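Structure record follows, encoded as structure tokens.
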Amino acid sequence: TSRRWENLRIINIVADGTIVKEGDFLVQFDTTNALREVTDRQNELEQAKAELASTKASIESGMKQLENQFKSQQYDFESNKLSYELAKFEADIKRREMELQFKKSELSLEQAKQKIESQKIIDKASIGRSELRVKQSETRLNEAQTALAGLTINAPKSGLVVLREIF
């Protein structure tokens, strides 16, 4: 940004009349603010990476809970299915009760399955947002590092240094 260059201060400059080769040092501007910017962007990147790791860990934990609930629902379903199949030897009222229990467990199993699928979609979006924050932080860090590197100017080619006063 243009604000980055508002208060540039030269802290070192090659002497007038010096003969330089391509790549030799010419000018060093004050790097205090640029170094602070790089540090801030590094911290921002580390925070974004930590948030991504935390999001992934939370998602993994939540998914394990949902999968355990699903397994529990599967066991209930299988148990109620067996009871319902054995109900043909029971009285009508008992058979109807077992049928309702079976239907209820079937519905619970389907809901648990749908909850896992929905959570996967939500989790994918959460990870995507966190990964985007990491990428944005990496970009800002690269920009800050480039700006810092730009505060040292080296000779673009060999020649004689001639300093001019600019008004």
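In the stretch 117-167, of all residues being basic (Lys, Arg) and under 21 Å from residue 27 (Cα atoms), the one that is surrounded by the fewest Cβ atoms within 10 Å (Cβ to Cβ) corresponds to 164. Looking only at the stretch 49-77, filter to residues that are charged (D, E, K, R) and free of Cβ contacts under 8 Å to residues at least 60 places away in the same chain; which one of those is surrounded by the most Cβ atoms within 10 Å (Cβ to Cβ)? The residue in question is 76. Residues of the stretch 83-99 that are open to solvent by less than 90 Å² (accessible area, probe 1.4 Å), out of contact with any Lys or Arg (no Cβ under 8 Å at 6 or more places or on another chain), hydrophobic (A, V, I, L, M, F, W, C) and part of a helix (DSSP H, G or I): 98 alone.
The residue list 43, 80 contains one member that is open to solvent by 80 Å² or more (accessible area, probe 1.4 Å) and either touching a residue at least 12 places away in the same chain (Cβ under 8 Å) or over 30 Å from residue 156 (Cβ atoms) (or both), which is 43. Please tell me if residue 114 is more than 25 Å from residue 7 (Cβ to Cβ), exposed (fewer than 12 other Cβ atoms within 10 Å of the Cβ) and free of Cβ contacts under 8 Å to residues at least 40 places away in the same chain. Against the criterion (more than 25 Å from residue 7 (Cβ to Cβ), exposed (fewer than 12 other Cβ atoms within 10 Å of the Cβ) and free of Cβ contacts under 8 Å to residues at least 40 places away in the same chain), residue 114 qualifies.
For the stretch 71-79, check the following and say yes or no: at least one residue is within 27 Å of the chain's Cα centre (by Cα) and either small (Gly, Ala, Ser) or at pLDDT 85 or above (or both).
no
The values are calculated or read from the model by the stated rules, or taken from the named source; none is laboratory data. Everything numeric here is computed off the predicted structure, so don't read it as measured data. Counting neighbours? That spans all protein chains shown, and the Cβs are built from the backbone with ideal geometry, glycine included. Side chains are part of the model used for accessible areas, which takes the heavy atoms of the whole protein and leaves out ligands, DNA and RNA. Shrake-Rupley method; radii C 1.70, N 1.55, O 1.52, S 1.80 Å.
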